[in-house]
Structures are given as C-alpha cells and as structure tokens.
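> Submitted below is the structure of interest, expressed as structure tokens.
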Amino acid sequence: FPRALSRKTQLELRGLTNSLAAPLRMAGPPRIITSLAFLAYILGRAAADTQQSVQELDVTESLDFEEEEGVIAADGTAPYYIVTRMDLRRCISPVCGGFYVKEVSRRKTVCFDGNKQDDCYVGALDISTLAIGEAEAEKLNERFASGEAIVRGHLEPWDEKSFSGIAKLSATEGWTGVTGKKPKGHNWKVSSTGITCVTYPCPSFMGVELNKARQLYLSGIDVKTKTGASENVSTSVYEQISEGPLIFAGSLERIKGPAGKGRIIVASEWYIRVDHHGCEVDEDCGDTKWCRQLEGGDDDVQSACTPFVGLGDSCEGFTLPWLFERCAPGLICEPADPRIPDLAGTCVEMKDSPVKQLPELISIPETPESNVSSEAETPKSNVLSVAAEYLRRSLS
C-alpha cells in the first residue's frame, strides 16, 4: 500500500480487499462498479490522511536533531554568546579577570583551543567593530558582563605576540535584554513573514533558533505570562518585529484554533539589537575609520564605520567583506607573498615597503623617436621590466 496512508488505513484496506475479492472476479458491470468504489475509497482515505498529516505536523519535532559537529547558526557563520559567570581570580589581565561565555541554545561550546566545554574563558569583549557611541559601548559591556545581553561574534587570539593562548570575543552584533530577567529556554531570532489571516493560528512569524539549523513558523509571542509585561508592551513587541527581528528566550507552546494547530513562544526575556551608525562612503567615517559592509545588514543599514588596523596587524587578502581589514593612513599592506595575491598581508610603514620605490622605477625618461630602435625599448616593455624588478625586490 502507498506509504502516505496511515498504518490504521492500511489494515482497513487489507480487510476490505479480502471482502471485495470475490466480486472483483465477476464479469460484467458489477466488477466495474466495485472496482470504482474500491478506488474511490482508497483515494478518499489517502486525501483524509494527507489533510490530517498537514494539520498535525509538528514542525519543531520534524526539524529537531541531535547536536552534530560543525552545525552552525542558520543565518550566518558567527555564533551567539552569553556570559555564564565572571572570573574572580586575581592575577595579571587578561589571564584573569575576564568572564566565561557559552553559545546560546547549545549544551556545549567550542572554545578557542578547539575543545568543547560547558563554557569558555575569554579575556575581554571587543566591540570596536560595532561602530557605536561610547555610551552605547559602555552600556553593552556592562550588560553583557552581567549576563543581560547576547553578543554575536568570533573567538580570536588576544594578541599574536603575547597571551596567544587567551581569547577575546570580537563582536559583530550586540543585543541587550529588555526586562533584565534571567533568560530561560532556547533562543530564537524572530522576524515577520508578512502573512496575515482572518482567523488563527496564523503563521505570521518565522523563528530561527540561534546556533542551530532549524526554523519554524510561529503564530504569536507571549511576553506577558513569564515577564509580567503589560498589554501595551506586548503590542509594541509586535510593532518592533514588523520593523526588524528581535531575539526571544523562552519555551515553545502548542495552540489550537479554527485554522488548526500552531506554535507560540512563551518568552522569559527578549533582546533588542544595539543600534549601529551606518555609512555609505569612507568620507562618512572621519580619519580613523572606514566604511565596511556589515555581516547580516538590514534594509536600513548595510555598512558601518570600522577602525583601521595598525602597524604589524593583518590586512586585506581574500576574505568575507565584513572581515576585510584596511591599514591606517601612512601604512601600507605588505603582501605575505606577491606571487599569491589572495594571501593576507601585514601593515608596514611606507618606507619599509618595496611599493614605496615604485614611483622611482616607473619614471621612464623621455626618448627621442629617432633613438627608438626596437620594440624591446618601448614603454610597454619598460613597464614589464618594472614589474619584474618590483617582484625581485619584494622577494629579496
């Protein structure tokens, strides 16, 4: 029998087949009528089973999975972190005095050394790339350290020259909690689907679980039951989601209505993204920053001002736009190997780079036309020799 049919229907059909076996062997019209009735029965039950399976589909269970190696956030590559505890040890910073973080919605976190732990030590939070004001930065630091904010970012080495075994959390997004209550449950980034209905439940929202590859339609957000929020606050939450996504920590609850079954999030806390100052061109960012594309930029802000990197820092190379680094004015990105243009380079002073000597190499003395005796002495050939000389000096 077709796999789309339920087990119960398959058993019923086996009994019906046996009872109809004799009439089906008859000749003439009765055989046709009975066959048509049998076929109508099968199609009717298959349609009923299909409708029932659609109504009773548990999206969460159908998309649920055990944690696997290499599973990343569904909407990007950078995980979301929250602070679990402060480091109260007294010794030199950053070896002590930082805090422990964990990836939200996951049992284990991949630490800087590659091992999986309940939580991981980081020396500090680096929010310089968020391009936010000093007051906003100070507030985000305080809220994150107290466990009242979520940060999306990468665990990176504190310093390549010293404390190489200590990590810092370089933020690409910052989200601050609204109520200040301790979050319970899994974390979901919720956005509007644009779907409106005349009845309920209606799949008006899409939830993506942070740091996991699953998503589901949602019919509502309950921020009143666990947080004590007012009806006006609940209404404002829906208005904010229509303008951009919010993050909710909480549990899933099944609801029923005239349109069937649906899901809502019963939130214990929710988070609003820290505003970042957008830009369109480098001139919008002053002398110490430049305009770089954001990871997961929204409709209003696609780029933000980010600081230049300094002497000895890694720069350029073939990488994602939001990870690209530029050297500060007065420095130049020296390629690690000119023969491999995609490799990242290092910021050096102009006087230390062979590129500084290019103007001298490229200056071609004027040659009277009468003295040009061969194609080898043309400017085109001279440019090739300049390139070869630059390559030789770079490798020496």
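> Mind giving me the nanometre distance, one decimal, between the label points for D159 and D118, set 7 Å out from Cα along Cα→Cβ?
3.2 nm
> Using the heavy atoms of the protein chains alone and a 1.4 angstrom probe, what is the accessible area of region 86-138 per residue in square angstrom?
That works out to 54 Å² for each residue.
> Given labels modelled 7 Å from the Cα in the Cβ direction, how far is it in nm from K181 to T199?
Distance between the two pseudo-spin positions: 3.3 nm.
> Efficiency by 1/(1 + (r/R0)^6): what FRET value for E243 and Y217, r their Cβ-Cβ distance, R0 = 22 Å, to the nearest 0.05?
FRET efficiency, E243 to Y217: 0.65.
> Let me ask something additional. What does the C-alpha gyration tensor say about the overall shape of region 223-273? Classify as rounded when a/c is under 1.5, otherwise prolate if a/b is larger than b/c, or oblate.
The shape class here is prolate.
> A further question on this structure: Full extension from S314 to A259: what is 0.36 nm times the residue separation minus their Cα-Cα distance, to one decimal in nm?
My answer for the length gained is 14.2 nm.
> Provide, for q = 0.10, 0.15, 0.17 Å⁻¹, the log10 of I(q)/I(0) from a solvent-free Debye sum over equal Cα point scatterers in region 174-330.
Scattering profile of region 174-330, log10 relative to I(0): -0.50, -0.86, -0.99.
> Hand me the tally of lysine pairs in region 104-225: alpha carbons under 19 angstrom apart, and the pair either on different chains or 8 or more positions apart.
Lysine pairs satisfying the spacing and distance rule in region 104-225 number 16.
> Once you sort the root eigenvalues of the Cα gyration tensor of region 104-153 as a ≥ b ≥ c, which label holds: rounded (a/c under 1.5), prolate (a/b larger than b/c) or oblate (the other case)?
Note, shape of region 104-153 comes out prolate.
> Could you sort K256, K289, K189 by accessible area so the largest value comes first, with the probe set to 1.4 Å?
Accessible-area ranking of K256, K289, K189, largest first: K256, K289, K189.
> Order the peptides 335-342, 260-267, 305-312 from the highest to the lowest mean number of other Cβ atoms within 10 Å of their residues.
260-267, 305-312, 335-342
> By how many nm would the segment from S192 to K139 lengthen if fully extended, with 0.36 nm per residue of separation less the alpha-carbon distance?
16.3 nm
> For the ranges 150-156, 193-199, 94-100, what's the packing order if you count other beta-carbon atoms within 10 Å of each residue, average per peptide, and put the highest first?
150-156, 94-100, 193-199
> Can you compute 3J(HN,Hα) from phi for each residue in region 103-117, using the Karplus curve 6.51 cos²θ - 1.76 cosθ + 1.60 with θ = phi - 60°, rounded to whole Hz and x for Gly and Pro?
6, 5, 6, 10, 6, 10, 10, 7, 7, 4, 7, x, 7, 8, 9
The values are calculated or read from the model by the stated rules, or taken from the named source; none is laboratory data. The structure displayed is predicted, hence computed values, not measured ones. No Cβ is skipped: glycine too gets one built from the backbone with ideal geometry, and neighbour counts run over all protein chains shown. For the accessible areas, the whole protein counts, side chains as well, though only heavy atoms, and no ligand, DNA or RNA atoms are used. Shrake-Rupley method; radii C 1.70, N 1.55, O 1.52, S 1.80 Å.
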